[in-house]
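Please treat every number below as a calculation from the coordinates, not as lab data. Keep in mind that this is a model prediction, so the values were computed, not measured. Ideal geometry is used to build each Cβ from the backbone, glycine not excepted, and the neighbour counts take in all protein chains shown.
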Amino acid sequence: MAEKNLIKTYMSSSFERRVDIIIKNYTSFMGIVDGYTEGLRYMIESEKESNSRQSIGDLGVRVQPGGMPSDTTAKKAIRNVLTRDALINCDFSGNVLEGVDRAEMYIRDAYILRDMRKDYNLFNSQLGILGTEQDMFLRYIRKEVTLGVLAEERGISYETVQQKMVKIKNRLKQQVVGFMEGNLGGIA
């Protein structure tokens, strides 16, 4: 799946499909999310720089009581810090993007990236249910070994290893989807 389509496909997919996308793109998944997050930060900061309608006096006062809301350098620094923190934490509870033309789109994108990060972390936290199979499965989804190599290492047939990987994937997927759907206990 091309990087530019991964995020769009991910967000329009079911929970089960999302787990498949994480597994298929395991080694590059967070790199893609981080890349888009950096791009989003850059776009917001560029737009804020060029947007003369932006008024941040109130932000200056809120962030730095008794500060220098009339000092344009101080305002610019405060604005940049607020934007970075908001994007890193994906928290747009304040009017961090006030005056940015595409604020709603940027907020939506930031929350999408936050959700992808949360799903990836959830997937990794659930790898523990695999027990002794965890190392083998991780090596496989990281593309460090092929099914043929795993079969040779274990002294079993290619078909047996293939079936084992499908079972592991389905078990893990069931657990992760359970949590994604809000079942606090998962499937276990």
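Observations, loosely collected:
- Taking 7 Å steps out from each Cα toward its Cβ at residue 171 and residue 108 produces label points 4.0 nm apart.
- The calculated FRET efficiency for the pair residue 84 and residue 121, based on their C-beta separation and a Förster distance of 25 Å, comes to about 0.75.
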